[in-house]
Amino acid sequence: MMRTMMTNEQVAPARVDLRRPDGQPVRVLVVDDESTLADLLSMALRYEGWQVRTAGNGMAALSAARQFQPDAVVLDVMLPDLDGFAVLRRLREVAPTVPVLFLTARDAVEDRVAGLTVGGDDYVTKPFSLEEVIARLRALLRRSGFAVTARQEAVLTVGDLSLDEDSHEVSRDGQLINLTATEFELLRYLMRNPRRVLSKAQILDRVWNYDFGGQANVVELYISYLRKKIDVGRAPMIHTLRGAGYVLKPAE
C-alpha cells in the first residue's frame, strides 16, 4: 500500500469529528484476513476517534456484528470461509441498513456490480490509501444518518502547551513557537494522543501519509526538530520509549 510522501509545505486535512447522534463514538467493523492491513485500518480509524472491532473471516464477522452492532462495515471480498458477498447477505438479515464498504484486489467491473447488487454501498480496490477509505466511510455515515458532525474545539491543550488548529499558532507557557507545516502536523498528532505511546509506523502513516518501509529515520529527525522548539530550556514533554515509540505528556 504505497502512498505519496508529503513535503514540508503540505499538511493533512484537519480531522472533523463524527459521532453517533447520541454523542457516542462511531463503531466500525473491519473484516479482512490480512492481519497487517486490518491493523493499519484499525489504527487509522481509531485516530478518527472511532471504536473499531476486527474479524479475520466471514463467520467471525457475523458474530462480531451481532455483538458490536457497528455503524459501518469495511468488508474484504476474499475471505477464507465465506466470501464478502455471502457475509453481506447474512449481515443484511440482522442489520439491513448498516453501510458496507467493500475492499477487494479485483478491479473487474463485474465484481463491483456484484458487490453493489448484493447491497454493498461502496467499493474500494487494493491497493488504496487509508485516507480514501476514511473519506468514503465518512460519506457513507453522513448519508445514512448513522453519524453526525460534532463540534470540536479548535485549541488543543496539554499542560502548558497549546495548539490552535484554526490559526496554526503554537505556544508554550504563553510564548509563541514557530513551526513548519510538517512540525505542526506532527505536534498536532502527538497532542491529539496525549500520554499515548505512538510508534514510528503510526506517526509516518498519519503525518506523512506514507508507507513506512525503510523511512522511520524521518520521524526521529522531526521529533528532534520539535524537541528543540518545544522542550529546550524547559521541562521536557516529548519522551522516547525505546523500542516502542514516542509519547507527549505534561511536564512534571
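For the reader, a short list of remarks on this structure follows.
- At full extension, ARG66 and ASP173 could sit 33.6 nm farther apart than now, given 0.36 nm per residue minus the alpha carbon distance.
- Report note on the peptides 75-88, 122-135: ranked by the mean count of other C-beta atoms within 10 Å, highest first, their order is 75-88, 122-135.
- For the range 194-201, 3J(HN,Hα) per residue [Karplus equation, 6.51 cos²θ - 1.76 cosθ + 1.60, θ = phi - 60°, Hz, x = Gly/Pro]: x, 6, 9, 6, 10, 6, 4, 5
- Inter-label distance for GLU34 and VAL197, nm, one decimal - labels placed 7 Å from Cα along Cα-to-Cβ: 2.8 nm
Every read-out reported here was derived from the displayed coordinates using simple, explicitly stated rules and does not represent laboratory data. Keep in mind that what you see is a predicted model, and the values were worked out from it rather than measured. Positions of Cβ are backbone-derived with ideal geometry, glycine not excepted, and every protein chain shown enters the neighbour counts.
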